[in-house]
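Asker: Before I ask anything, let me first share the structure, which is written out below as structure tokens.
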Amino acid sequence: MITVQNLVKTYNKGTVKAVNDISFDVKDGELFGLIGPDGAGKSSIFRMLTTLLLPDSGLASINGSDIVTDFQSVRNQIGYMPGRFSLYQDLTIEENLEFFATVFDTTIEENYDLIKDIYVQIEPFKNRRAGKLSGGMKQKLALCCALIHKPDVLFLDEPTTGVDVVSRREFWDMLKKLKKQGLTILVSTPYMDEASLCDRIALLQQGHILSIDTPAKILKSYGDTLYSLSGTNMYKLLIAMRAYENTNSCFAFGDSLHLTLKDDALKDEMKAYLTSLNFNDSVLQEITPGIEDCFIKLLKET
């Protein structure tokens, strides 16, 4: 459904490569995620695929339509929800929805089945202006407007940024339902925990793809034994472990450290090392790696 071949986008007269020779494909009916921090190139990829930016080189097509030569066909087939709320804030929920339906020469009634499960959650406030809505309600309205013309492909650029945890969970539940209706979805997010909710993901950093696969296969490819280490003075513990000769990698992870060793057989020797530095209350345990651990390891190997 989406094909991207050697796509390149530069800024500042070619000095900054935001998208650097990117290639991937998204299958019909797939929920595909572009995962990476700010500056990884996610939004530039989205703007090119939705015909808002011209690529410097490379090719891309949506359902067989080229994003440059057949841009009008692409626009008719896609729904796009940008990272920033971009609907008319002085119009009500109902007025925004009616406007976007009219733009695509359709009506709310004609495609109501597609948005019904989402719209019923904001319908009690249909006469409220969009600018007065909460983050979660703006998110639902933007999704309804992106779906109102029944697109073949839905583009969601960091749709859960800035919304609360409950709204994030509700939003992904809505995406699962849309996927069951046969919609192809491309979503970008900086939240690594959302990666596991996609069918396949591409891990991005500084315009490069580090890995493309299912979340399960990326986790399986981690390879090393991962440990969690916690104690009283976490900063000093981090410095000490990075200075330890048998440490392979060590990063702060919330209220603990995630680390790997060059030789797991020397784990007891490491505990003795910590005791010699008076880290007597440190707790070491083996843990299962997450997507973020895999991302950091891939960065280290690049």
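Asker: Quick check on my filter: what residues within the range 257-302 are crowded, with 18+ Cβ neighbours inside 10 Å and hydroxyl-bearing (Ser, Thr, Tyr)?
Answerer: Answer for the range 257-302, where residues must be crowded, with 18+ Cβ neighbours inside 10 Å and hydroxyl-bearing (Ser, Thr, Tyr): 260, 273, 282.
Asker: Right, next: Taking the condition touching a helix residue (DSSP H, G or I) at 6+ places or on another chain (Cβ under 8 Å), at pLDDT 90 or above and not in a helix (DSSP H, G or I), does residue 175 pass? Talk me through it step by step, then tell me what you get.
Answerer: Details: touching a helix residue (DSSP H, G or I) at 6+ places or on another chain (Cβ under 8 Å): yes; at pLDDT 90 or above: yes; not in a helix (DSSP H, G or I): no.
No; evaluated as a whole, the condition is false for this residue.
Asker: Additional query: Any chance you could count how many residues in the range 224-275 are closer than 15 Å to residue 294 by Cα and of a type outside the set (A, V, I, L, M, F, W, C)?
Answerer: Residues flagged as closer than 15 Å to residue 294 by Cα and of a type outside the set (A, V, I, L, M, F, W, C) within the range 224-275 amount to 8.
Asker: Among the listed residues 86, 73, identify the single one that is assigned to a helix (DSSP H, G or I), of a type in the set (S, T, N, Q) and out of contact with any Asp or Glu (no Cβ under 7 Å at 6 or more places or on another chain).
Answerer: Details: 86 fails: assigned to a helix (DSSP H, G or I).
73 is the lone residue from the list that is assigned to a helix (DSSP H, G or I), of a type in the set (S, T, N, Q) and out of contact with any Asp or Glu (no Cβ under 7 Å at 6 or more places or on another chain).
Asker: Please go through the range 229-253 and pick out each residue that is under 32 Å from the mean Cα position of the chain (by Cα), surrounded by fewer than 17 Cβ atoms within 10 Å (Cβ to Cβ) and of a type in the set (Gly, Ala, Ser).
Answerer: 230, 252
Asker: On to the next question. If residue 215 satisfies every condition in (1) modelled with pLDDT of 95 or more; (2) over 27 Å from residue 36 (Cβ atoms); (3) of a type outside the set (A, V, I, L, M) but one, which is the exception?
Answerer: (2)
Asker: Additional query: Exactly one condition in (1) assigned by TED's automatic domain parsing to the domain that holds residue 27; (2) touching an Asp or Glu at 6+ places or on another chain (Cβ under 6 Å) is false for residue 232; which is it?
Answerer: It fails just one condition, (1).
Asker: Can you find a residue that is buried (at least 21 other Cβ atoms within 10 Å of the Cβ), modelled with pLDDT of 95 or more and not assigned by TED's automatic domain parsing to the domain that holds residue 291 anywhere in the range 83-92?
Answerer: The answer is no; no qualifying residue exists.
Asker: Of all residues in the range 154-205, how many are buried (at least 21 other Cβ atoms within 10 Å of the Cβ) and over 20 Å from residue 138 (Cβ atoms)?
Answerer: 9
Asker: So in the range 207-222, with the set limited to residues that are in a loop (DSSP other than H, G, I, E, B) and touching a Lys or Arg at 6+ places or on another chain (Cβ under 8 Å), which one is farthest from residue 26 (Cα to Cα)? Steps first, answer last, please.
Answerer: Residues of the range 207-222 in a loop (DSSP other than H, G, I, E, B): 207, 214, 221-222.
Add one more test, that the residue is touching a Lys or Arg at 6+ places or on another chain (Cβ under 8 Å), and what stays is 207, 214, 222.
On the way: 207: 18, 214: 12, 222: 24 Å.
Looking at the filtered set, the residue picked out is 222.
The values are calculated or read from the model by the stated rules, or taken from the named source; none is laboratory data. No experiment lies behind these values; they were computed from the predicted model shown. Please note: Cβ atoms are built from the backbone with ideal geometry, for glycine as well, and neighbour counts cover all protein chains shown.
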